[in-house]
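No lab work stands behind these numbers, since they all come straight from the coordinates. Since we're looking at a predicted model, the values are computed, not measured. Glycine gets a Cβ as well: all are built from the backbone with ideal geometry, and neighbour counts include every protein chain shown.
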């Protein structure tokens, strides 16, 4: 087994190579060699040309019908890293103070990672030495990284996650400033306590009312309820007009005598009930009359055509477009996909269908036999792979130069006391420490107790652990600047700066740990 010093050295050398490329891009921008327009053009070439070429050449060469089974486990791992980062970012937003222009952006930073140039640079260096197989593991490692890139592009562009970067600058979706955590939880506790006490009080009133009703004579609760309603709704002058009930056969003289006539409260209640019921019937009849009048008025009034009906009526022929066939709509969707996604979609069937792959790359059982080689001894379309590999060699160095140029143009806030250091440090810890710890234990469990990560496929285990500890992707910086009316992303820059500053330490540590696990 390799010593600890040798493992750390092997892990540090690819990181040092990345540091030198990033520093070169930083100083080239400061000296004016790499201008903003030049960086924009170089970025377009890297994203649209060289990176798709690198992925195509690597995937077609490395993937076979046997190892294409790694697609499923790697997708599970990639989605798990994304969801875990999203959960951590949400907790950070709830616990720490996050500026108002980064409330949604911090969720994007937790969800996305730089799964492109950084791990590719490490793999292209470390896979050339033991314990890996230099003959196939270099291309196979890049092909495995392409699966992570495919998931990231599908999430960021396909699911519309990039739109969250613009919600911080839209008034209808912007999240307002929140009070400190202690005040928020205190107010939430008081609100919950009030709701519980209110609910408890209602329950006590209901129970006491049920106890009182159980002690009354059956049928009397209706009289008591009517008396209460009548006393509330009846005016004092109405109560004066109610006369006591005089039994039949009683003369007027007897009624005018000095002896008072005893009245029964039940009869008074009955009289009041009849008056209340008659009043309610009058109200109901009045409401029916009003409803019928309103409905008749609506039916008699002319109906004005709505703008939608008007457009669908006269101008329907001029504004409507014929429905496109399904194959045209699918072609339009594929055309609008990023070139990186197109390269991955094309590479998978070319790599797995043996007759098709034998046209581009040497294929066991087909090249030289069922599929004749060219005069140079290579497959007929092998020059496509050579050209793609030649262009793809520019992808990683160019992307690292652009990363250094982005750091050179960052505008750091002048007032450091206004910088949300708590949220910045927490996001860095979640991306560079917590998610990697999860990845290390989960990948080891998958390798030891399942067939998802076989021990003989060392590069698969190494890639899965290595990509757990990558910073947020720099592409979010470009997208945020596009959505921001001011064209800046200073808050995001402060969050990215710390992650990439400590990346050289933590990436070396994660690569060393992954290499140690692979050798076990």
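List of remarks:
- Residues 456, 386, sorted so that the one with the fewest Cβ neighbours within 10 Å comes first: 456, 386
- If you wrap segment 442-520 in the convex hull of its Cα atoms and look at it from every side, the mean projected area works out to 6.4 nm².
- Per-q log10 I(q)/I(0), segment 1-50, q = 0.14, 0.25, 0.27 Å⁻¹ (Debye; single scatterer per alpha-carbon; no solvent): -0.54, -0.93, -0.98
- For segment 365-520, the C-alpha radius of gyration sits at 1.45 times the compact-globule guess of 2.2 N^0.38 Å, with N the residue count.
- Whole-number D in µm²/s for segment 62-114 (Stokes-Einstein; Kirkwood sum over Cα pairs; 4 °C, 1.567 mPa s): 101
- Distance between the modelled labels on residue 192 and residue 438, one decimal in nanometres: 2.4 nm (7 Å Cα→Cβ projection).
- Among 137, 171, 486, a tally of other beta-carbon atoms within 10 Å of each Cβ gives an order, fewest to most, of 171, 486, 137.
- Taking every alpha-carbon pair within segment 39-146, the share separated by more than 18 Å comes to 63 percent.
- For segment 366-415, taking Cα atoms only, Rg and Dmax work out to 21.4, 71 Å respectively.
- For 447, 174, the sequence from fewest to most other C-beta atoms within 10 Å is 174, 447.
- Rg/Rh for segment 321-443, where both radii come from Cα atoms and Rh is the Kirkwood radius: 1.18
- Translational diffusion coefficient of segment 446-485 (Stokes-Einstein, Kirkwood radius from Cα pairs, 25 °C, 0.890 mPa s): 191 µm²/s.
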